[in-house]
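Working notes for the structure below.
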Amino acid sequence: MARHLLHIIPSLLLLLSALPQAQAASPAVERWADEFEPSSETRGFRVKELSWFEEKGKAYAGKTITAVAEDIPTHFWERDVLAKAFEEITGIKVQFDVIGEGAVVEDIFKQMSQGTHLYDIYVNDADNVGTHTRLKSVVNLTEYMRGEGKNITNPYLDLPDFLNLEFGQDYDGNQLQLPDQQFANLYWFRYDWFSRPDLREQFRAFTAKKYGAANAYDLDVPVNWAAYEDIAEFFTNTKVDGEQTYGHVDFGKKSPSLGWRFTDAWLSIAGAGDKGLPNGLPVDEWGIRVENRIPVGSSVTRGGATNGPAAVYALQTYIDWLQTYAPPAARQGTFSDNNIEAAKGHVAQQIFLYTLWLSQPEYNKGIMLGKDGLPVWRVAPTPHGKYWEEGMKAGYQDAGSWTIPLDTKGPRRAAAWLFAQFCVSKTVSVQKFLKGMTPIRKSTLHAAYIQEHKARWGGLIDFYTSTDAKLWTDSGLNVPHYPLLFRIWWDNLDKAINGQLTAQQAMDAIARGQDDLMAQMHMAQYSPKLNPEKPPAYWLNRPGAPKAPREREKPMTIPYEKIMQRWAETQAK
C-alpha cells in the first residue's frame, strides 16, 4: 500500500501546482482587517470582505464622490476613519461632509426639487421615506441591486441581518434607503437612587399621602405618564444627600430640534394615533390620517389627530413638566444640551433620551460610574400617556439611512453604493457601534465582545435584542413631505412654551398648516387629497383616533429586574 502511495504523490503534487493559487491579501486589506477588531466576524472573513471591496473598487479608482450626514459621533467616525480606509483599499476618495441635521434635510430637498446636484449620496433619516416614495426622487435600491448594481452589491451584505430594513421601504417593500445608524428614545433613570432603601421608603410615603395607603406604590420604572409625573415631583422636592435634584429634564429653545422632539413620536407616546406597526393606521404619530396610501387630513375636522385632545394633552404635559420639574436652564437648551444635562448628576430621570448620547464621555465617567466601574444609570421602555393602548407603537427610533438621489448616475452611483455598503459592512459594524452606539445589525448585538461587555450600556443591548425593540419605529410612510411639513412644528411649539399660544391654539395651527401644505402638494404618486371638513364630534365619537378626552390614568411602575427578565425571555430572531 505504501509503495502505491509513493507513485500517486508526485501526480497529486503536479495536479495541485496547476490549480490557481489564492492571492495574498494586499497590505491595505491586511492592515484594516486588524484595525477593525473587535468584530462580529473572524479575521479571515474580514480579509475576504475587504478584498471584495478592493477588487470592485478598481474600476472607480481615482474618482471622488461626495457624501453628507448629520453631526453625530457615528458620522464623524465614518468621515475620519471609514472614508480613509475605503480610499486606501479601493482608491476611491470620499469628500464626506458632516453638518447639522436640518441642513441635511434642506440639502436633499433642494437637490430633489430644484435639480441642483449637491451630493452623490446622503445619510438621510428614513423618516423621509414617505417623501421619497411619493416623489420617486431616489434610487430604488431593490431594483438597483437586481439590475445595474448587481455586480457591485456585496455578497456579504446579508440584508436579513439588518435590524429594521422596513424603515427604508416603500409600500411595496422596495428598499429606498439602507440603514446606516439608528438609535431609539428610551427612558433613562438613576438606578442607584431608585435602589436606595431610604429613597424608596420616602417615595412610598409620598404616594401614600397623595393617594392613600391602599394606593401607595413603589419607586420603580414608570409604566405611564402619571407615575413619571409623581416621580418627577418627588425628586424635585426631595434633596438627595443634601443636594438639589430634579425629577425631569427636557429642552425648550426655539430650534428645529424642538420640532423633532414632537414629530419623533411624542404624540404617539401620548397615545394620539391609532394601533398598528410600524406606524398607526389610519392615523399616525403626526396626527395625519391616510386612507389607501393617500393622506387625507391632519385636523380633527378631517379625521386627523394633530389637534385632537390627545395631542393637546401631549403638548400641555410637555410644557408643565418643563416648567415645574426640570432645571431652569433646560428651557433655553436644545436637544444637544438636554441629552448631556442628565449626566451632570442632579437629574433622577429623563423620559425621552436619544440613546446615541449614551456614547458621550459624560455618561461614562466620574459620578456616572459606580465603584464597580459600571454605569449608575439604566435605560428602560418609554412611559406612555393616558391615550396609549396595546397594539400602538411604544416609542421612536431614528434610522439614518444611505439614500442615493436619482441624479447620481453611472460610475458615481456605483462608487457611492460601494461606499455605503462599506460603511454598513459586517467587518466594521462592531467598531462603529463602539464609537457611536447606533447599531444596525443583529450580528453586532450578538458579537461575543458586545455580549461580554453589555453591562457597560445599562440595558441598551438587552433592549435591542428583545422583541420589544420592534415597538420603537420611525415616522413612516404617512408623512407625505417631511422636509416641508416638519418646518411647521417648531415655531408654533415655541410660542406655546413661551405662553404666546395655548397648547390647543398651537396644535390647531400645526394641524391647519399641515392641511394647507398638503392641499397644495402634487406628487408623482399617492398625492394628498383632503377629506371634506365635518364637525369634530363626528370623528371623536368613532373608534380609534382622533380620541375623545380621558381622565388621568392610575400611576403604575414596574421593577427594572422584571423588564430585564422580559427582555431576556423575548429575544428577537
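Of all residues in the stretch 403-423, none are closer than 22 Å to T42 by Cα, β-branched (V, I, T) and assigned by TED's automatic domain parsing to the domain that holds K93. Listed by position, the helices (runs of 4 or more DSSP H) enclosed by the stretch 1-76 that each have at least 2 residues that are at pLDDT 95 or above are 27-35, 43-57. Candidates are the residues of the stretch 228-259 that are among the hydroxyl-bearing types (S, T, Y), in a loop (DSSP other than H, G, I, E, B) and at pLDDT 95 or above; the one that is farthest from the chain's Cα centre (by Cα) is T238.
Selection of the stretch 98-136 for residues being of a type in the set (S, T, Y) and in contact with a strand residue (DSSP E or B) (Cβ under 7 Å, 6 or more places away or on another chain) yields Y119, Y122. Condition check for D320 on (1) surrounded by 21 or more Cβ atoms within 10 Å (Cβ to Cβ); (2) within 30 Å of S195 (Cβ to Cβ): one failure, at (1).
If you check S527 against the conditions, is it among the hydroxyl-bearing types (S, T, Y), over 22 Å from G297 (Cβ atoms) and outside the structural domain of V104 (by TED's automatic domain parsing)? Answer is no for this residue.
Here is a yes/no grid of residues against (1) among the hydroxyl-bearing types (S, T, Y); (2) closer than 18 Å to F262 by Cβ; (3) at pLDDT 95 or above:
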site: G273; (1), (2), (3): no, yes, yes
site: P278; (1), (2), (3): no, no, no
site: D284; (1), (2), (3): no, yes, no
site: G287; (1), (2), (3): no, yes, yes
site: I294; (1), (2), (3): no, no, yes
site: A310; (1), (2), (3): no, yes, yes
site: T317; (1), (2), (3): yes, yes, yes
site: P327; (1), (2), (3): no, no, no
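Looking at the stretch 46-74, which of its residues are closer than 30 Å to F335 by Cα, touching a residue at least 40 places away in the same chain (Cβ under 8 Å) and surrounded by fewer than 22 Cβ atoms within 10 Å (Cβ to Cβ)? The answer is T66, E70, P73. Listed conditions (1) surrounded by fewer than 16 Cβ atoms within 10 Å (Cβ to Cβ); (2) in the same structural domain as N478 (by TED's automatic domain parsing); (3) charged (D, E, K, R) are all met by E551, apart from (2).
Taken over the stretch 75-96, the criterion of being within 21 Å of the chain's Cα centre (by Cα) and surrounded by fewer than 17 Cβ atoms within 10 Å (Cβ to Cβ) is satisfied by F76 alone.
The values are calculated or read from the model by the stated rules, or taken from the named source; none is laboratory data. Just so it is clear, the model here is predicted, and its values are computed rather than measured. Note that we place each Cβ from the backbone using ideal geometry, even for glycine, and neighbour counts take in every protein chain shown.
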